[in-house]
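Data block below; observations after.
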Amino acid sequence: MNLPIASASDLAGPTRIQTCSCGTEVRHTLSGREALEVVPCPTCQGEVLFTSYERMDIGLSEYCNLKCQMCRRPSETLFMDAEWCKLVMSEAAAVGVETISFSGGEPFVHPKILNLLEHAFSLGTKVQMVSNGTLIKEKHLELLSKLDCLTISIDGTEAAHDKIRRREGTWRRSMQTIEMLATKSDIQWGTNTVMQQDNYDVLWDSFRAIQEVGKLKYAYCGFSHVEVVPETAHLQMTPEQSRAAHAQIQRIAKACEDTHTWFNDKTMLLDHWDSYAQKEKRYRPMQGCRIPQKFIGFTDHGFYLCWHQGRNIKMESLIGALRSDLARDIVLEGLEKRCVACNCFNYSWDDEWNAGIMDSAKAGESVDGVVAFKDPDRDAGRVSLKMVTGGSTSNTLDMHDDGV
Ligand SMILES: C[S@@+](CC[C@H](N)C(=O)[O-])C[C@H]1O[C@@H](n2cnc3c(N)ncnc32)[C@H](O)[C@@H]1O
Ligand code: SF4
Ligand code: SF4
């Protein structure tokens, strides 16, 4: 049973000011129920577009040079067309998106990555990137210095990392990048570690190794529980391993305080460990979810207003997509808590989502914000893409470099 959604006044979104092409400044308070709202300009009657989108994550290609054991990537492979990507980034900036983030597969396998970054920087938005760090060279550092932040994925000490990343030498190469970032650039960088069976006992050692190389330049660190599908369920930590990991994470959080290293999602991770560790439970924000009004995922397959609903809007234009009936339906699915629900930190940049998810987790299974992993809606499955676990020969490129 779904609870009735909040009243119109509770739902109202932010008030925004947009400048019409005629130069008039137009103010509008969003209803909180739409992906995009169109307001006539009082001067020229032209259309002025309003949204509350904050962030766009770009999956630039499904290709990668690694086949990490926990990663799921579509098996149909394409490099996103660079001109299309630039057009969409411009549309995103025009409707108010503040942060554009390049992520996976691996951004650095895209042949036009540098050109795409230059375009993103020209739009004046914050630009972020997540990379496995194996293809970043010294000659890239100048351009990368315009990033808001660069996250390098490190999954353990050498043996654990190379096992998880399924290629020997990967840890050495990624740590070489970290050293380069620390000693030859002013880029704000940090790390992300996916906690799982094969690294639960080396989290502290791994953190110390990065700290030793990065020293005070190590700006932030993040840890997340491995997200799984049935084929990768065995990667989850056992309850004993989970306890051992939690003890190390507490120690790391303390060490971060001493060195002023920002610890991502600290409260959610430390205080609500079990909610995120137990992947058989999923949560929806208690008052309904507004992520589909704040977030845009963008891949070759179109636009996703939350990754987890798995409903892609296949259109050339982002603005066209946000004006579509499908966008309206995705937004309502979140607000009315009909969605598959979440169990991850993907949207933890949004305080409203964090608080709502935690309210549901605390209230327990009596509320409709909490659903079991085996949810019929989820099992019905809207994701039409064929995914492969850990990559395949069709979506993995044999790319190496020595960092020079
Ligand atoms: C999909 S990757 C793309 C960027 C890049 N290729 C990399 O590995 O950093 C983005 C982040 O998701 C993490 N990741 C991959 N599979 C995951 C899973 N099953 N659960 C949680 N995080 C995962 C990666 O370790 C990485 O930090
Ligand atoms: S296979 Fe590994 S390196 Fe490649 S996208 Fe997935 S997590 Fe990133
Ligand atoms: S799955 Fe539901 S709770 Fe999770 S981000 Fe999407 S709409 Fe929100």
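Shape of the stretch 55-283 from its Cα gyration tensor (a ≥ b ≥ c, root eigenvalues): rounded if a/c is under 1.5, otherwise prolate when a/b > b/c, or oblate? Prolate shape, in that a/c is at least 1.5 and a/b is the bigger ratio. Charges were assigned to the Cβ only: +1 to each Lys and Arg, -1 to each Asp and Glu. The resulting dipole of the chain about its Cα centre is roughly 140 debye. Amide H contacts under 5 Å for residue 370: 284, restricted to partners 5 or more places along the chain or on a different chain, H placed in the peptide plane at 1.01 Å from N.
Computed over the Cα atoms of the stretch 80-178, pair by distinct pair, the Kirkwood hydrodynamic radius stands at 14.5 angstrom. Each residue of the stretch 343-353 is assigned a 3J(HN,Hα), and the resulting list reads 8, 6, 9, 3, 10, 6, 5, 9, 4, 5, 5 Hz, derived from the Karplus form 6.51 cos²θ - 1.76 cosθ + 1.60 (θ = phi - 60°), x at Gly and Pro. For the listed peptides 32-38, 279-285, a ranking on the average number of other beta carbons within 10 Å per residue, highest first, reads 279-285, 32-38.
Within the straight-line cut-off of under 23 Å between alpha carbons, the lysines reachable from residue 215 are 137, 139, 146, 184, 254, 266, sequence neighbours fewer than 8 places apart in one chain being disregarded. Normalising the average separation of contacting C-alpha pairs (under 8 angstrom, six or more residues apart) by the number of residues puts the relative contact order of the chain at 21 percent. Overall, the stretch 189-348 carries a charge dipole of about 500 debye about its Cα centre when +1 sits on the Cβ of Lys and Arg and -1 on the Cβ of Asp and Glu, all other atoms neutral. Distance between the modelled labels on residue 262 and residue 179, one decimal in nanometres: 2.7 nm (7 Å Cα→Cβ projection).
Most simply put, the stretch 55-283 has about 5% antiparallel DSSP beta bridges, counting only bridges with both residues inside it. With the helix formula -39500 (n - 2.57) applied to DSSP H stretches of n ≥ 4, the chain reaches a computed 222 nm mean residue ellipticity of -9500 deg cm²/dmol. One quarter of the convex hull surface built on the alpha carbon atoms of the chain amounts to 19.5 nm², the projected area averaged over directions. With N the number of residues in the stretch 8-50, Rg(Cα) / (2.2 N^0.38 Å) evaluates to 1.18.
Using θ = phi - 60° in the Karplus curve 6.51 cos²θ - 1.76 cosθ + 1.60, the 3J(HN,Hα) couplings for the stretch 201-211 round to 9, 10, 5, 5, 4, 5, 4, 5, 5, 5, 4 Hz; x is entered for Gly and Pro.
The Rg/Rh ratio of the stretch 246-361, with Rg taken over Cα atoms and Rh as the Kirkwood radius over Cα pairs, comes to 1.06.
Coordinate-derived values only; no laboratory data. Predicted, not measured: the structure shown is a model, and the values here were computed from it. Don't worry about glycine lacking a Cβ; one is built from the backbone with ideal geometry, like all the others, and counts go over all protein chains shown.
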